[in-house]
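The values are calculated or read from the model by the stated rules, or taken from the named source; none is laboratory data. It should be emphasised that the depicted structure is a prediction, and the values quoted were computed from it without experimental measurement. All Cβ positions, even for glycine, are placed from backbone atoms using ideal geometry, and neighbour counts span all protein chains on display. Ligands, DNA and RNA are stripped out before the accessible areas are found, and what is left, the full protein with its side chains, is counted by its heavy atoms. Shrake-Rupley method; radii C 1.70, N 1.55, O 1.52, S 1.80 Å.
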Amino acid sequence: MNDSSTSNNPLKRVNAQVGDRYAEMLSRVHVNRGSGRMMLLVVVAFAVFAALKPQVFLSPLNMQNIAIASPEIGVIAIAMMLAMLTGGIDLSLVSIANLSAITISTLYTSIAAGDPARAEQLMPVLVLIGLVVGLVGGAINGLLVSRVGITPILATLGTMQIYNGIAVAWTGGRTLYGSPDSLTAIGHATVGGVPMLFVVFVVIAIAVGVLVSRTPLGLKIQLQGANPVAARYSGINSRRVLMSTYLVAGLLGGVAGILFIARNPTASADYGASYVLLVIVIAVLGGTNPAGGFATVFGVVLATLTLQIVASGFTAVRLSSYEYAIAQGVILILVMVADQVTWRRRRIARRPVGTAAVQA
């Protein structure tokens with residue numbers, strides 16, 4: 001990245017500097033790879049709020065609300081996990097989801113204005129178009145990162161602005177109302193008392209888990225994130241791996257948009273604006289190494305449930321959204337501090353005895 005062409009081009013130099021600083025910052029973060037920690041946090045959070053306000057927190061309605069609200073955040077967090085697994089990041093996922101939802105709502109209301117019955121019949125086609133919007137958004141990100149060579153954080157920051165700007169110009173900043181009744185019915189349906197949206201979330205989590213741990217593409221993604229140089233010398237086509245990763249992430253962004261509009265038949269450019277940082281927090285809490293190379297889908301699912309339980313618990317005890325935001329930060333900092341302490345102890349324990357004596 002520091003060749004003569006880079007040093008003579010200010011934009012390439014800035015891109016390289018941002019990439020190097022970002023990699024240096026991430027190299028200082030060491031994440032505990034176990035999911036046991038998140039399981040413990042889920043149990044503790046549930047027990048605390050169940051004890052503080054049992055009549056509200058343990059009500060069937062509250063439990064159902066947790067299960068309905070978790071999927072749309074969880075799917076985006078899993079997409080973010082995939083991007084971070086390669087050592088990158090995708091800041092545009094929420095904007096992609098909103099574009100997908102806006103596309104579905106616009107097409108539906110346009111068709112329904114002339115023929116409501118036909119608009120309902122076209123629900124599968126509209127859902128498919130929403131997924132295509134996600135794929136296109138992911139493909140643009142993939143091209144910028146894998147082919148053009150822009151640092152992921154800059155590339156997706158730029159596309160986030162573009163996608164969000166398109167959504168604002170498209171809607172005029174207004175909230176769009178309308179989606180197929182059958183899609184809304186799926187969003188409110190239950191299977192054995194479990195919301196259908198949560199079932200979809202679990203299916204997606206299992207599918208991505210299999211992709212990451214059981215397929216050649218998943219192993220290449222892990223190696224790409226763990227050691228890009230070794231991946232290149234192993235014959236792995238890094239460009240193709242990065243392109244595939246951002247395509248899958250974009251597709252999951254499209255799925256999240258469908259979950260948005262299935263839960264609530266509205267769409268807007270600013271929906272889920274707070275999710276951008278929240279899904280990064282969830283991915284890191286779930287054990288994703290921000291420097292790439294390791295992640296667990298199960299950990300991300302547990303982290304999603306933890307933060308959703310905390311959000312629901314704060315509502316039950318009548319604390320504000322600002323206090324919930326503080327709680328998110330506190331949880332993240334505490335987990336990261338615990339990780340750093342554990343990592344340093346392990347590193348000291350692995351040092352040769354002679355080295356420790358000299359330093360003493």
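Side notes on the structure shown:
- Check on Ala101, open to solvent by less than 50 Å² (accessible area, probe 1.4 Å) and either in contact with an Asp or Glu (Cβ under 7 Å, 6 or more places away or on another chain) or small (Gly, Ala, Ser) (or both): yes
- Any hit, region 231-246, residues being open to solvent by less than 10 Å² (accessible area, probe 1.4 Å), hydrophobic (A, V, I, L, M, F, W, C) and under 15 Å from Gly142 (Cα atoms): yes
- Cβ-Cβ distances below 6 Å connect the following pairs, each with a first residue in region 172-195 that is surrounded by 15 or more Cβ atoms within 10 Å (Cβ to Cβ), a second residue that is of a type in the set (D, E, K, R), and a separation of six or more residues or different chains: Pro180/Glu120; Gly187/Arg263.
- If the condition is being assigned to a strand (DSSP E or B) and aromatic (Phe, Trp, Tyr), then region 174-199 contributes only Tyr177.
- Of all the listed residues (Leu61, Leu91, Leu131), the sole one being in contact with a helix residue (DSSP H, G or I) (Cβ under 8 Å, 6 or more places away or on another chain) and part of a helix (DSSP H, G or I) is Leu131.
- Search result, residues across region 326-350 that are free of Cβ contacts under 8 Å to residues at least 60 places away in the same chain and surrounded by 15 or more Cβ atoms within 10 Å (Cβ to Cβ): Ala327, Gln328, Leu332
Let's see how each residue does on (1) modelled with pLDDT of 85 or more; (2) small (Gly, Ala, Ser):
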| residue | (1), (2) |
| --- | --- |
| Asn264 | yes, no |
| Tyr271 | yes, no |
| Thr296 | yes, no |
| Gln308 | yes, no |
| Ala311 | yes, yes |
| Gly329 | no, yes |
| Gly354 | no, yes |
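- The selection criterion, being open to solvent by 50 Å² or more (accessible area, probe 1.4 Å), at pLDDT below 90 and either basic (Lys, Arg) or part of a helix (DSSP H, G or I) (or both), holds for Leu40.
- Filter result for the condition that a residue is under 20 Å from the mean Cα position of the chain (by Cα) and more than 30 Å from Tyr108 (Cα to Cα), over Val212, Val248, Val199, Val208: Val212
- Restricted to helices (runs of 4 or more DSSP H) entirely inside region 220-287, those with at least 2 residues that are touching an Asp or Glu at 6+ places or on another chain (Cβ under 6 Å) and more than 18 Å from Leu157 (Cα to Cα) are 238-263.
- Checking each residue in region 53-88 for being open to solvent by 10 Å² or more (accessible area, probe 1.4 Å), more than 9 Å from the chain's Cα centre (by Cα) and in contact (Cβ under 8 Å) with a residue 60 or more places away in the chain picks out Lys53, Val56, Asn62, Gln64, Asn65, Ile66, Ala67, Ile68, Ala69, Thr86, Gly87.
- Residue in region 125-134 that is over 19 Å from Leu277 (Cβ atoms), touching a residue at least 40 places away in the same chain (Cβ under 8 Å) and open to solvent by 40 Å² or more (accessible area, probe 1.4 Å) present: yes
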